[in-house]
Amino acid sequence: MYLVPSLVMFGCGVFGFITRKNMIAILISLELMLNSVDINFVVFNRFLYPEQTEGMFFTLFAIAIAAAETAVAIALIINVYRVVKNVDINQLTKLKF
Amino acid sequence: MPLSYTILVIAIPLLMFLFLGLAGVKMGKKLTGVLGVCAMGVTTVIAYAVALTYFFGTGDGQIVDGVRQQLVLNDWTWLKFSENLVVKLGVLLDPISAMMLIVITTVSFMVHLYSLGYMSDHHGKPEKGFQRYYAFLALFTFSMLGLVVSTNIFQMFIFFEMVGVSSYLLIGFYYTSPAAVHASKKAFIVTRLADLFFLIGIMVLSFYTSTFDFKALMANPTNALASAQGATFMGCSVMAWALTCIFIGGAGKSAMYPLHIWLPDAMEGPTPVSALIHAATMVVAGVYLIARMFPLYVLEQGAMDIICVVGAFTAFYAAAIACVQSDIKRALAFSTISQIAFMMTSLAVSTADGALIEIHEGYGLGYMASMFHLFTHAMFKALLFLCAGAIIHAVHSNENSDMHGLHKFMPITSIAFLIGCLAIAGIPPFAGFWSKDEILVACYAKGMGWGLWMSMVAGLTAFYMFRIYFLIFFWKKHEIHTEHAPADQPWTMTLPLIILAAISIVAGFVPAGELVTWDGAHLHTQLNWSVAGASVLIALVGIGLAFKLYYKENELPEKMKNALPNLWEAAYRRFYMDELYQFITHKVIFQNISKPIAWFDRHIIDGTMNLLGDVTNSASYAIRRLQSGSIQGYVFVYLVGALLIAAVTMICVMI
Amino acid sequence: MIFSNILIYFVIVPLLTLGGLALCSNKGVKAVRAVAVTGASVLVMLAIYLVAYFLQARAAGDTSEMLLQSKVTWYAPLNIELALGIDGVSVVMILLSAFIVFAGVFASWKMDPLPKQFFLWFFLLSTGVFGFFISIDLFTMFMFYEVALIPMYLLIGVWGSGDKNYSAMKLTLMLMGGSALLMLGIIGIYFHSSPEGQPLTMNILEIAQNNAIPHEWQYYLFPLTFVGFGILGAMFPFHTWSPDGHASAPTAVSMLHAGVLMKLGGYGCFRIAIYLMPFAATEIGWIFLTLTGISIVYGAFSACVQTDLKYINAYSSVSHCGMVLFAILMFNQTAMTGAVLQMLSHGLMTALFFALIGMIYGRTHTRDIREMGGLMQIMPYLGVGYVIAGLASLGLPGLSGFAAEMTIFFGSFEHTDTFRRVLTIVATTSIVITAVYILRVVGKLLFGAVQNEHHKELTDAVWFERLSTVTLILGVAAIGCFPNFFAEIIRYSFDPVVEALKAVGM
């Protein structure tokens, strides 16, 4: 039952990742997927090995990493925006061959 | 070996070439000239010593049973093709090579001396490139001497190439003039084409006989021919083909029709060079070649007939053209062609009756006459050319319309030229009479038709030579074009004229029959008075005609020209042979072979290679879309792929 | 110990030179030159010593097929060895290479830009060339072959002229294509190198000894190796890299490439393709014989209408190198000796040509013969050099081309079958066509009136250019005057090959 929101979140994340053109939106989609996975960790931990806490720890660990990663990504996006005033990935083709 | 110093005759010019070629630029011009002349003088003396020792000496093994032997003096292995075919460089002395040593060194020495004057301006200042000129002369002399003393046919080929190159260099001596460059190129390429056949001939001959060596070949010509028994190509025996090919090689150098076209153009070179190379020595190399291989040719009648026909035709053809040329050097060049053709014909009228032992009139005589004529012709033709050079040097033109009436201004030259003309026309007692008479006798022995034909050409010879003579020295009063009045030239130029004129007078009395025969034995000849009388008569008619037409300015020549304008024009244009060659080389070879091949190479062969490259490139471009760099695209593809695999796995599991 | 073998120093010396060059500073060109000249001189001396050693050993009665053999295994699982050994052919090829490297250093005296890097690649290339000639192990040979090819790309691409990127790419790709075929061929040979059950080997001598390659395999392996090497030998129709490549390459690279690298092709053809697979060679050699016959005449005709000096020379190389392969395929001692003589002759002569063309181009900045004329008056030294090179090319006795070509023709004519004879006659016609294009160039370029007024101020050759050309001219004249000296060194090296061919019924 706990898996349903996780599944919905993951589906939204994938859909958003593939379709959105704005980098911020893509980043948000990415975070959605990540969080859905985190939920899964917690859920499965509880279902399968209630007496152990590895899933919980892993989730916490993932949240911390995700925060750092998001910070880096946002920094990149902001810098790109400063240079080219644009965060649309279809327009950002300067580095392409 | 008593004659081992013969090698010096060849070595000195070679060393002179290397020395003058390398150090000449650093030395004074005069010095190089004098040095060249001195070296050539020494060579001449040695050559005379060699020849006289050979002809009159009785040293060990020189004469056996009254037959003069062939002596092989040096033989150095140059290159071994295989066990049998070994190319050697050596010195072979026999009657004809000894005679040629005399001819070449004499004329070469005269030309060296003469060039001191000719290659300088009127103040005696040597021209630009004087050192180079003497170096090339030495190179040519070396090559020509090497040619005549060849011990084997391959050495002959080597020196054929060498004389070809020296001739190329000397014709193109005035390399800033496009005409000279063109002429030198033409001379080289035409003779190269002939040499190609020569080479093929040697390949065939040496393959079947397994030797290059003249002595081995000629010692037993019947065996040599028999070694190719049964081998035929297109219905003829391969030996006939080989000998014909070798003849073509000789014909190229000796300017036989239709390979004669280079010789008239070669007159672009300095006149002394024309005298040396294109009148006296190199152009007779072909005749010499046939004479060298005479025993083989005699046995191969088919090849002999071809030579005979070509020779007889060329003799007439060239004489006819010589009658209308206005450039005196060209006229002399055609005269040379005609005279060489005489020698060829004379060689070729010899016939053998089965075995070689049988000697009848005609056989052996033709050979002797040919060599004798070669000797006398070299002398008087060199004389004529050097006279022409003196005239050209005086009036700065080759056209006879710029000359006329020079007799008063240049008496010595005029008399020398007259002697040359009398000699070539065959008036006794001048040199040409004796040798030409022998040739005619040999021709009559072959058949009445041959004799009459050659007699007619002899008459024509007298006519055109005196036409030139009268047009240069008489016709009308000379108009002085340049600031200098023409006059006899300095002694360096006049002395050779006098010496050669003297030789032209007396050379006929050399007992050629005793010295120069094909087998080294004596050949007793006597003047055939009926032939001699007839030929003198016909020569006198020719001279008389020329006198009537050209001694004093008159309308007759013009009238004759107008009577047959087409014929005259055709003869003047040398019967359009040059145009034909031009057409073949430019239109056919360049336009229709080389250009298409080059196009084919660029567009088809290279195109295919480029096509391969382009196909690879465009294929890469085509599949490049897949690597778009868009993460979203990748994710989508990944997702679809993952789902598909999952679906397939599920289906598999379920089933 | 392998270091006691003098042969290994032919690889070590260029490598040391490489090291020395690497230590030089980027700025000073003097040190670079000094190192390069030293390396090249040592190589020449080594090569001369090697010839003397070889002659002495042969005179002393050493009749083994390869002299100075030694080997070190460097990859045991595949039996790959650094196996060294030389016979007469390798000796003369090493001598040739040393001379051309020497002349090449002087020809690129004023190399600009990046002289140090240029010489680095140049010596890497030489390392490959020498390594190839001293090796008798298939894989090691192949490795050195590649070492010789790859620097070509950079040498042309960086220091070339004209459409250099295209040319460098084309040359490298075509030659790499050849290498691919060759690699396949070598692998094929390796797996059939020994009879069933015996350990496989890469050593050429052992493979020839075993003679174990099945006939049906030879039909595939022979064309692979022959074409692989033939591409480098500019065999029709795989020759088109040559005109473009040479036209763009800098002088010294053209010299080394035409002078030595193209010889690798001919050398490989007989040492690997024919020697190891005599059966296929006799059976299907006629196909390649026809192709090379076409090369000879085709190259000569193409050269007749070119207007770029380097193109003329490149096509002339196609013709002359065609002669090499042609003679090798004639399978008899005389013709094969001629082939090696022709390699020597063509190597020196073409190097001379390219050196002179480079010097002329360096002055006039054009290679189009229509824009030049009368250069003989302006630069007599270079003019005379060019005429000598031309005469050598068209086969003047006394210079190298004549002796080589004649040996080939007479050797080829030893065959009695009509097919080979006709081809021989066709090949001989090239001597006339060669005369046509050489004289055409000489006439247009050197003789006549000066075409361009600016050319009148140009200067003649300077000392290092003279040194470079004189070295080559002396080589050309030496072969031309004393061909038998070289022919005798070469001739008996073909005994094993000819024996092998006779054994299969040639």
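Each value in this text was obtained by applying a stated rule to the coordinates, not by laboratory testing. Keep in mind that this is a model prediction, so the values were computed, not measured. Glycine gets a Cβ as well: all are built from the backbone with ideal geometry, and neighbour counts include every protein chain shown.
Phi-derived couplings, Karplus 6.51 cos²θ - 1.76 cosθ + 1.60 at θ = phi - 60°, listed residue by residue for the range C:261-267: 4, 5, 6, 4, x, x, 4 Hz, with x used for Gly and Pro. Considering all projection directions equally, how large on average is the shadow of the alpha-carbon convex hull of chain B, in square nanometres? The orientation-averaged projected area of the Cα hull of chain B comes to 46.0 nm². Each residue of the range B:19-25 is assigned a 3J(HN,Hα), and the resulting list reads 5, 5, x, 8, 9, x, 4 Hz, derived from the Karplus form 6.51 cos²θ - 1.76 cosθ + 1.60 (θ = phi - 60°), x at Gly and Pro.
As a proxy for reagent exposure, ranking B:Glu161, B:Glu569, B:Glu127, C:Glu196 by other Cβ atoms within 10 Å from fewest up yields C:Glu196, B:Glu569, B:Glu127, B:Glu161.
For B:Leu79, nonlocal amide neighbours, meaning residues 5 or more places apart or on other chains whose placed amide H falls under 5 Å from its own, are B:Val87. Measuring against 30 Å, Cα to Cα, the residue pairs B:Lys329/B:Lys436; B:Lys29/C:Lys444; B:Lys595/C:Lys164 contain no pair spanning a longer distance. When its C-alpha radius of gyration is set against 2.2 N^0.38 Å (N residues), the range C:319-449 gives a value of 1.18. Candidate cross-link partners of C:Lys502 among the lysines, defined by an alpha-carbon separation under 28 Å and a same-chain spacing of 8 or more, comprise B:Lys80, C:Lys263. Expressed per residue, the C-alpha convex hull volume of the range C:454-506 stands at 153 Å³. Mean separation of Cα pairs under 8 Å and 6 or more residues apart, divided by the residue count, gives chain A a relative contact order of 27 percent.
Put in order of Cβ neighbour count within 10 Å, fewest first, the listed residues B:Glu438, C:Glu206, B:Glu300, C:Glu371 become C:Glu371, C:Glu206, B:Glu300, B:Glu438. Shown for the protein assembly as shown is the translational diffusion coefficient from the Stokes-Einstein equation, using the Kirkwood radius over Cα pairs, a temperature of 37 °C and a viscosity of 0.692 mPa s: 95 µm²/s. Note on the protein assembly as shown: with charges restricted to the Cβ of Lys and Arg (+1) and Asp and Glu (-1), its dipole about the Cα centre is near 2920 debye.
For the range B:387-404, putting each phi into the Karplus relation 6.51 cos²θ - 1.76 cosθ + 1.60 with θ = phi - 60° gives couplings of 4, 4, x, 4, 5, 5, 4, 7, 9, 6, 7, 9, 7, 6, 5, 8, 9, 6 Hz, in residue order, rounded to whole numbers and with x for Gly and Pro. Averaged over the residues of C:433-442, the number of partner chain Cβ atoms lying within 10 Å of the residue Cβ comes to 5. The calculated 222 nm mean residue ellipticity attributable to helices in chain B amounts to -22000 deg cm²/dmol, summing -39500 (n - 2.57) over DSSP H runs of n ≥ 4 and dividing by all residues. Report, ordered by chain and residue number, the aspartates and glutamates lying within cross-link reach of C:Lys170, taken as a straight Cα distance under 14 Å and ignoring same-chain residues fewer than 8 apart. Here the aspartates and glutamates satisfying the reach criterion relative to C:Lys170 are B:Asp606, B:Asp614, C:Asp244. Each other residue within a Cβ distance under 14 Å of C:Gly230 adds +1 if Lys or Arg and -1 if Asp or Glu, for a net charge of +2.
Peptides B:376-386, C:68-78, ordered by how many other C-beta atoms sit within 10 Å of their residues on average, highest first, read B:376-386, C:68-78.
Counting other Cβ atoms within 10 Å as a rough exposure proxy, the listed residues C:His455, B:His123, B:His112 run B:His123, C:His455, B:His112 from fewest neighbours to most. The smallest convex shape that holds all Cα atoms of the range A:36-97, its convex hull, gives 107 Å³ per residue. Summarising the strand pairing of the protein assembly as shown, around 95 percent of its internal DSSP beta bridges are antiparallel.
In the range B:298-434, a dipole from Cβ-located charges (positive for Lys and Arg, negative for Asp and Glu) runs towards its positive end, and of B:Ala318, B:His373, B:Cys421 it is B:Cys421 whose Cα lies farthest in that direction.
For chain C, the share of alpha carbon pairs falling in successive 20 Å distance bins from zero is 25, 59, 15, 1 percent. Annotation: amide H of B:Ser237 has no partner in the under-5 Å range at sequence separation 5 or more or interchain, hydrogens built in the peptide plane. Of all aspartates and glutamates in the structure, the ones whose alpha carbon falls short of 17 Å from that of B:Lys30, not counting any fewer than 8 places away in one chain, are B:Asp121, B:Glu127.
Only helical runs count toward this figure. For chain C, summing -39,500 (n - 2.57) over DSSP H runs of n ≥ 4 and dividing by all residues gives -23500 deg cm²/dmol at 222 nm. Net charge of the neighbourhood of B:Phe372, taken over other residues with C-beta under 15 Å away and scored Lys/Arg +1, Asp/Glu -1, is -1.
Under conditions of 37 °C and 0.692 mPa s, the range B:573-624 yields 237 µm² s⁻¹ as its translational diffusion coefficient, taking Rh as the Kirkwood radius over Cα pairs in the Stokes-Einstein equation. Mind listing the long-range amide H neighbours of C:Leu82? Cut-off is under 5 Å, sequence gap 5 or more, other chains count too, H placed in the peptide plane at 1.01 Å from N. Result for C:Leu82 returns C:Val72, C:Thr73, C:Trp74.
The tail of the calculated P(r) for the range A:3-84, taken as Cα-Cα distances beyond 21 Å, holds 39 percent of the pairs. Return one number: the angle in degrees, 0 to 90 and rounded to the nearest 10, between the long axis of the Cα atoms of helix C:29-59 and the longest principal axis of the Cα atoms of chain C. Tilt relative to chain C: about 40 degrees.
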